[in-house]
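J.: Pasting a structure below so you can have a look.
Just so you know, all these numbers are worked out from the coordinates, no wet-lab data involved. Being a predicted model, the structure only gives us computed values, none of them experimental. Here the Cβ is made from the backbone with ideal geometry for all residues, glycine too, and neighbour counts use every protein chain on show.
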Ligand SMILES: Cc1cc2nc3c(=O)[nH]c(=O)nc-3n(C[C@H](O)[C@H](O)[C@H](O)COP(=O)(O)OP(=O)(O)OC[C@H]3O[C@@H](n4cnc5c(N)ncnc54)[C@H](O)[C@@H]3O)c2cc1C
């Protein structure tokens, strides 16, 4: 299933490279990593060698210097095989690396981007806390100035690569509670005294993507590790999420396509009442609904990607892409399990994993309800 418009040579090349990689190096291990909840760090070193850990990073910082179309194609192909690998790749590129790329000084970019882009370092990005997810402005993690340094205290929860991340971008309160100019972004390197990984979550899906707590106890970092101006962190984070949501839309799309392809093939092979189940209109219409939603999701995702490439504001479009694609993914995975019947409920077939993995897409980087808040605010302003 491909878009019906012409992809650029560069996007086609990325798509094929990632497809081959995923078939060879990911597919054989998908269920083993899922069952044991193993985070396969080595896969990201290999993705780095392919230039996929710095897709959007310009070549002068060691990245691939590609655009959002290529980025979407890469995540889509990975997620068709394993949502967890797609999620980790997306979080690394869009959040940690993306934040430094968009808001770091020249010196900071030279310092951190080359190792992130090569996959030698893995990135984490901490906004969420135990009591503040959607309501991030109420965060309790604080950074206090002490001479030329900052001292960070608090914890971040639900962080992708919270334990394994080498470089973490952390949003901490430097001003008043609920003040959108009271939050600042910092980079903290693994090994800094006072910074440690905490509890690893035992999750429903996306089990091979590490999700864990990050703990800061009198963690001292120099002012040179502050990203942008004091008080700009929340606004920076919202802009980072605008781009990040395109990657979650791509992740949703990949999972939906994986589920759809498996269900289509199965429906042609499985016979009941003397014919393949695809010949029952009840099943064929499910496939029609799935295919339509996938194509609509892809169009919204590519629209947001195109706007982002052209430097346009796309807060509404990325929220629409993320909202629609994630809900479409849940719809498709649910229908795929139904098409597989009892076999869909077992771990011998791939659809139960798509069903578990896709649910994250309606939650991470802003829930569907929060996307509707963003979209409705925007359309009411138009
Ligand atoms: C696998 C995974 C990976 C993640 N990775 C990261 C990461 O790398 N970095 C990071 O910072 N965070 C990460 N997160 C956190 C994620 O972004 C949050 O879980 C998400 O933003 C929702 O926050 P919450 O879980 O606290 O839910 P809550 O905010 O408590 O929401 C609970 C429910 O209330 C609804 N709700 C809340 N406020 C409103 C409102 N105003 N109007 C209507 N409904 C509302 C929500 O939509 C939801 O249905 C990750 C989460 C998961 C599960």
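J.: Could you tell me the distance between the Cα centroids of segment 235-249 and segment 283-343, to the nearest Å?
T.: One Cα centre to the other: 17 Å.
J.: In addition: Where does helix 315-340 land angle-wise versus the long Cα axis of the chain, in degrees 0 to 90, nearest 10?
T.: Around 40 degrees separate the two axes.
J.: Just need the relative contact order of the chain here, percent rounded to a whole number, with Cα pairs under 8 Å and 6+ apart.
T.: Result for the chain is 16 percent.
J.: Considering Cα pairs under 8 angstrom that are at least six residues apart, work out the relative contact order of segment 124-233 and quote it in whole percent.
T.: 32
J.: Under 15 Å from a point placed 7 Å out from the Cα of residue 292 along the Cα-to-Cβ direction: which residues of segment 312-329 have their backbone N that close?
T.: Hits in segment 312-329 for residue 292 at 15 Å: 328.
J.: Also: With springs connecting C-alpha atoms under 10 Å apart, model the chain as a Gaussian network and identify which of 54, 147, 233 has the largest mean-square fluctuation.
T.: 147
J.: May I ask you to derive the relative contact order of segment 234-381, considering only C-alpha pairs under 8 Å and at least 6 residues apart, and to give it as an integer percent?
T.: Relative contact order for segment 234-381 comes out at 33 percent.
J.: For each of 277, 294, count neighbouring Cβ atoms within 10 Å of the residue's Cβ, then give the residues from fewest to most.
T.: 277, 294
J.: While we're here: Running a GNM on the chain with Cα contacts under 10 Å, which residue among 312, 204, 253 ends up with the highest mean-square fluctuation?
T.: Between 312, 204, 253, it is 312 that shows the largest mean-square fluctuation.
J.: Assuming a ≥ b ≥ c are the square roots of the Cα gyration tensor eigenvalues, decide whether segment 170-253 counts as rounded (a/c under 1.5), prolate (otherwise, with a/b larger than b/c) or oblate.
T.: Cα axes put segment 170-253 in the oblate bin.
J.: Then there is this: Taking other Cβ within 10 Å of each residue's Cβ, how do 209, 10 sort, fewest first?
T.: Placing the least packed residue first, the sequence is 10, 209.
J.: I would also like to ask the following. Just to confirm the number: angle between the C-alpha axis of helix 68-81 and the first principal axis of the chain, 0 to 90 degrees, nearest 10?
T.: Taking Cα atoms only, the helix is inclined about 60 degrees.
J.: Moving to a separate point now. What's the angle, to the nearest 10 degrees (0 to 90), between helix 233-269's Cα axis and the longest principal axis of the chain?
T.: Compared with the principal axis, the helix lies near 20 degrees.
J.: Also, I was wondering about something else. Could you sort the peptides 159-171, 184-196, 210-222 by per-residue average Cβ neighbour count (10 Å cutoff), highest mean leading?
T.: Descending packing order for the listed peptides: 159-171, 210-222, 184-196.
J.: Mind checking which of 250, 22, 130 has the largest fluctuation in a GNM of the chain, springs on alpha carbons under 10 Å?
T.: It is 130.
J.: Still on this structure: First check a/c for segment 1-130, with a ≥ b ≥ c the square roots of the eigenvalues of its C-alpha gyration tensor; if it is under 1.5, answer rounded, and if not, answer prolate when a/b is larger than b/c or oblate otherwise.
T.: Since a/c reaches 1.5 but b/c is at least a/b, the shape of segment 1-130 is classed as oblate.
J.: I need the shape label for segment 194-335. Rule: rounded when a/c is under 1.5, else prolate if a/b > b/c, else oblate, with a, b, c from the alpha carbon gyration tensor.
T.: Judged from the Cα gyration tensor, segment 194-335 comes out oblate (a/c at least 1.5, b/c at or above a/b).
J.: Between residue 49 and residue 217, what is 0.36 nm times their sequence separation minus the Cα-Cα distance? Round to one decimal in nm.
T.: 57.0 nm
J.: Only counting other Cβ atoms within 10 Å, I'd like 255, 246, 152 sorted with the fewest neighbours first.
T.: 152, 246, 255
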